[in-house]
1. Starting from the coordinates of the alpha-carbon atoms of segment 121-242, obtain the Kirkwood hydrodynamic radius over all distinct pairs and give the value in Å to one decimal.
2. How big is the Cα convex hull of segment 48-113 in projection, averaged over all directions, in nm²?
3. Out of the DSSP beta bridges found with both residues in the chain, what percent are antiparallel (nearest 5)?
4. Any idea what diffusion coefficient segment 1-104 gets from Stokes-Einstein, in µm²/s, Kirkwood Rh on alpha carbon pairs, 37 °C, 0.692 mPa s?
5. Send over the Kirkwood Rh of segment 104-146, from the inverse of the averaged 1/r over different Cα pairs, rounded to one decimal Å.
6. Report the local net charge at Arg101: Lys and Arg +1, Asp and Glu -1, summed over other residues whose C-beta lies under 12 Å from its C-beta.
7. For Lys120, give me every one of the lysines with a C-alpha distance below 28 angstrom, ignoring sequence neighbours fewer than eight places off in its own chain.
8. Using bins 5 angstrom wide from zero, how does P(r) for segment 187-278 break down, in % of all Cα pairs?
Amino acid sequence: MHPYTVTQVNDHTWQIAEVYHLPAALPMYLIVGTERAALIDTGMGLGNLRATTAEITSVPVSVYNTHAHIDHAAGNNEFESVFMHPDEIAGARAGFPIDRRLEFIELKTMYDAEAEELLKFAREHILEYHTEYPIGSVADGEKIDLGGVTLEAIHVPGHTRGSMVYVNRADKSAFCGDAVNPRSSIGMFPGSPTVQTYRDALERFLSLTEDVERFYVGHRLYAFSREDVKDVLRCAEEIVAGEQGEPYPMIVSRNEPIWGRIHWYNGKRITFRPENVK
Ligand SMILES: [Zn+2]
């Protein structure tokens, strides 16, 4: 079996998605220039992401992480050149143990008809994650020249401190990771940025991307429209204005869930903890 679905978006953009999590799969994006390619996120480290990118392009591939969570950065070791916002580097150095990743995949495939086959593949192919490898920094506003294709990094703290969105203005596209998704987890962990920080960052992001029409979100295979992103902003605004939401258990392991609150606006959801609103 193949743990990825590969979909060509345009002549220089591919979506590579880990299928353990359908329909909420984890999409990664390969943006290919004439000189090099940017791989936005690396998923859970299921074992042959590099071979998958090599089937698409022969130019050198650099990883640009949206953030250093276990489901976005655990495959980084397959590549020599890795970049992320400086505030994410500690997370990448803390590591992603194999047993935690397998547990995560088991939880996410609980209702998946193909879970058996997929888990078997994951157990056989999942890569060790070594924490000591070169990590370069990418700064807010930085232009990433791939040769004929340019990405621009925009810092959108909220889901994590160093969450980064990569924008291709020529394509009117943005690759958001978990900085924008249908259920944004904001302020669920001690020391996380507040919902207010996220609201401000998202407002700034929207003002910097008035030319962008497609916002490729985390954990879904489709893109949000500008109106969808505005819904997420509105959801955050209502929480900052005092909306309490409802109790929500965030399940990240077989242990007790992390209890927070959830608020909905027009189908978009934000999970948060009341102590991390302001
Ligand atoms: Zn995340």
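Since every read-out is calculated from the coordinates, none of them should be taken as a lab result. Predicted model only: the values in this text are computed from it and were never measured. Cβ placement follows ideal geometry from the backbone for every residue including glycine, while neighbour counts extend to all protein chains displayed.
1. The answer is 15.6 Å.
2. For segment 48-113, averaging the hull's shadow over all directions gives 5.7 nm².
3. 70
4. 238
5. In segment 104-146 this quantity evaluates to 14.0 Å.
6. It works out to a net charge of -3.
7. Lys108
8. 3, 13, 21, 23, 20, 13, 5, 1, 0
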